[in-house]
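Report on the structure given below.
The values are calculated or read from the model by the stated rules, or taken from the named source; none is laboratory data. What you see is a predicted model; the values in this text were computed from it and never measured. Here Cβ is always computed from backbone atoms with ideal geometry, including for glycine, and neighbour counts include all displayed protein chains. With ligands, DNA and RNA removed, areas are computed over all heavy atoms of the protein, side chains included. Shrake-Rupley method; radii C 1.70, N 1.55, O 1.52, S 1.80 Å.
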Amino acid sequence: MSDPSVQHHQARPAVPVLHEQRLDEVLGAAPEPGRERYRPHRVGMVWRSKAFRVGAVAVALLLCGLIILALVREQTGTEGFLVGLGLAVLPVPLLMAAFRWLDRVEPGPWRNLLFSFAWGACAAALVAIIANSFATRWIATATADPASADTLGATVIAPVVEESAKAAAVLLIFLFRRREFSGVVDGIVVAGFTATGFAFTENILYLGNAFGEDQQLGSSGLASVTAGTFFVRIVMSPFAHPLFTVLTGLGFGFAAVSARDHRVRRIALPLLGLALAMGLHALWNGSSSLGPYGFYAVYGIVMVPAFGLVTWLAIWSRQRELRTLAAELPAYAAAGWLTPAEPSALSSMRARGVASDLARHWQQDRIRGRAAARAVAEYESFATSLAGLRRRARHGAVGPDFGARERELLHHLWQRREIAAPALTHAARLTSRPGAHRNLAPTPYGSGPGYGSGHGSGHGPGYGYGYGPAPWSPPPGHGHPQPQPQPQPQPYGQQPAQPYGPPPGYGYGAPHPPHGHRRPH
């Protein structure tokens, strides 16, 4: 005879399945909530230690940074290095902010972006300086013509070496952080951060040398070499190196969304992107040899249109991610994992911002408000990953770990749903009519045991902000589990004795959808 107390617990909603698969075949047995950790396929025995991998990469990049620092300082002098550093850093925050804005729909982890920037600024720059110098000297010795050696090195050797060195960072993340490299936008952002780091180091070298030349000539002001170099490299073309390498990132991005059985395409697309990056880079470097107006012609006829085209493609890819949310998430809403209004809210950047503001303003203090807004942001990111995963599954671009990854994402959504679902549901209602979202502070659910009341644990003791019982309740037939009594909440950041998560009795392997739902076909 079953325990009556257990019968009151509703099972988690069923996972929408693809191609009429049985639910239990897709889900299987799920691990304990606190042990739910998805791990992609690991390569090699040595790299099984995360500490070793992080330490090895950090040490390698640090050594490259120290060497490149010494080389640049040797060429520019201490004073020139400091001047170049101060001027070269100016476009870096703007470029990083632009690429990070593009990545707002499904933000990638900062560790990948910082690695990309450091690789471009240290490793790729070091490879470029050594290889370019060696190749130029070899050509000058072989041809006995230093002038033609410099031109040939700039137009042929430098594009091949530099773009290959920068592409290595994109390749490494594509291979070893495949879970976090899921589409075109990821390729653009990773490539952009890598090229921004490379351009930063290169600008220090060029501006430092220009300052040293001005010191020798005694020139200053707007007529100085430093001012001219600053105008060309920082004002007119800060996007040059990012534009080149983004073409490589596009190749990897399109390869990421290609079906796994299209192996030729998955190899050819990155190589094609790299070839285009090298070609555009060579044209840019060789523009000065095309006559007195060659630079301006290439800038106006090639660079500006190419920049506009890539920018349009980047924004289109971002909008495509939002359209994917609107197309794929209704299946999870129909199964009971999301409220009916959440897919439309998650597919709107405006509604997402409103939901974060709502979650923040519904709390009684700033600490809980920031924690609630962070939970909503995490919920949005996991939902975006879930929609993208399901879309790639439809196109055959996922591996055998699809089921484990889907369960993990649903697990993360479930942990945060009592905070995020009401905020997103109300945000969808507010953003459906212009101007309705201006007054965000009051909770739409009235007074009582709502968010911020501090009488309960919200969506689990691990997120123990003291949100209290959820003020939102789904309509009959939608099958969403009701909030259950939880232990006393813990301060944010502390780990309680038991991992946070839904109450006992919830399980991923529910053989049937909740009451009132039919399995989607």
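Quick look at the numbers
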quantity: Fraction in percent of alpha-carbon pairs per bin - 10 Å, the stretch 58-182; calculated: 11, 31, 36, 17, 5, 0
quantity: Estimated D of the stretch 136-201 in µm² per second, where Rh is the Kirkwood radius over Cα pairs and Stokes-Einstein applies at 20 °C, 1.002 mPa s; calculated: 156
quantity: Tyr299 - accessible surface, heavy atoms, 1.4 Å probe, Å² rounded to 10; calculated: 50
quantity: Share of carbon and sulfur in the accessible heavy-atom surface of the stretch 161-276 [1.4 Å probe, %]; calculated: 66
quantity: Magnitude of the charge dipole, the stretch 294-394, Cβ model with Lys/Arg +1 and Asp/Glu -1, debye to 20; calculated: 80
quantity: Two-site label geometry, Ile315 and His395: point separation in nm, points 7 Å out along Cα→Cβ; calculated: 2.2
quantity: Approximate spin-label separation Glu74-Leu175, in nm, with each point projected 7 Å along Cα-to-Cβ; calculated: 3.0
quantity: Protein-only accessible surface order, largest first, of Thr339, Thr431 at 1.4 Å; calculated: Thr431, Thr339
quantity: Per residue value of the accessible surface for the stretch 129-256 (all protein chains in place, 1.4 Å probe), Å²; calculated: 39
quantity: Size of the stretch 310-375 as Cα extents on the principal axes (Å, biggest first); calculated: 42, 35, 13
quantity: Charge tally in the Cβ shell below 14 Å around Pro270, where Lys, Arg are +1 and Asp, Glu are -1, Pro270 excluded; calculated: +3
quantity: Shape metrics for the stretch 171-216, restricted to C-alpha atoms - Rg then Dmax, Å; calculated: 16.6, 53
quantity: Rotationally averaged projected area of the stretch 255-356 (alpha carbon convex hull; nm²); calculated: 10.0
quantity: Carbon plus sulfur fraction of accessible area for the stretch 87-133, probe 1.4 Å, in percent; calculated: 81
quantity: Rounded to the nearest 10 Å², the accessible area of Ser133 at probe 1.4 Å; calculated: 50
